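What follows is calculated from the coordinates using simple rules that are stated; it is not laboratory data. Small disclaimer: the values here were computed from a predicted structure and weren't measured. When we count neighbours, we look across all protein chains shown, and the Cβ atoms used for this are built from the backbone with ideal geometry, even at glycine.
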Amino acid sequence: MLSRVLRTRPALPATLSSRSPATAITSSSSRAFASTVDVGALSDADLESTKKAILEEQKHRRSTLVIGAAGAVGKRLCAALAEAGHRVIASDRMKKLPGTLIDALGPQGTAVGSVDVTDADAVLNVMKDHADANTTVWNLAAPLSVETAMNPEIAQAVTVGGMKNVLDAMAAVGARRVCFTDSIGSFGS
């Protein structure tokens, strides 16, 4: 996190900026606070050092975006990843994700509801808001067997169309690692 990087460099002036947003670096998390550094007050050497520290932090950050996180596998995967130290972004088509899932994400985790894998814009927005080149994406979105028995096109829309949406959104943010699993529901009737 930028705030952690900046705290490790005591020589940097950490003051609230009265400058325009273009000259300030702001870091915030969905659960915490925002800290602002007046980059105009930094020497060129301090600015370059801070930039290197931020890039190094990003390179080592392990973040994982899980699509379909509220399912049986998704809940367990999110909990295991968070326990292993990953920053987990849990998303699902449900508007409100279960409290047990949110709790399992830990203090660095983020829960994002209303992300249906068949909605290209929703998938792109969650990627733009929470993913980058260092993010691993798990696509666990899968149709329920009862859904595909009633309408086999759902399997196509979720499995094939949803994966296309995920891969397109990943390309837009530079994410390169994807993991995929599916359910027996994709076989339809």
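In table form, for the structure just shown:
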read-out	value
Extension gain (nm, one decimal) between Arg62 and Glu153, 0.36 nm per residue minus Cα-Cα	29.2 nm
Sequence-distant residues sharing a close amide H with Met94 (under 5 Å, placed H)	Ser114, Val115
Amide proton proximity set for Ser63, modelled H, under 5 Å, gap of 5+	Arg87, Thr136
Qualifying lysines (Cα of each under 25 Å from Cα of Lys95; at least 8 residues distant if same chain)	Lys75, Lys128, Lys164
Point-to-point label distance, Ser114-Ser49, nm (Cα→Cβ direction, 7 Å offset)	4.5
Net charge over other residues, Cβ less than 12 angstrom from the Cβ of Asn125 (K, R count +1; D, E count -1)	-3
Calculated from backbone phi, Karplus (6.51, -1.76, 1.60) coupling profile of segment 132-138 in Hz, x at Gly/Pro	8, 5, 9, 9, 8, 10, 9
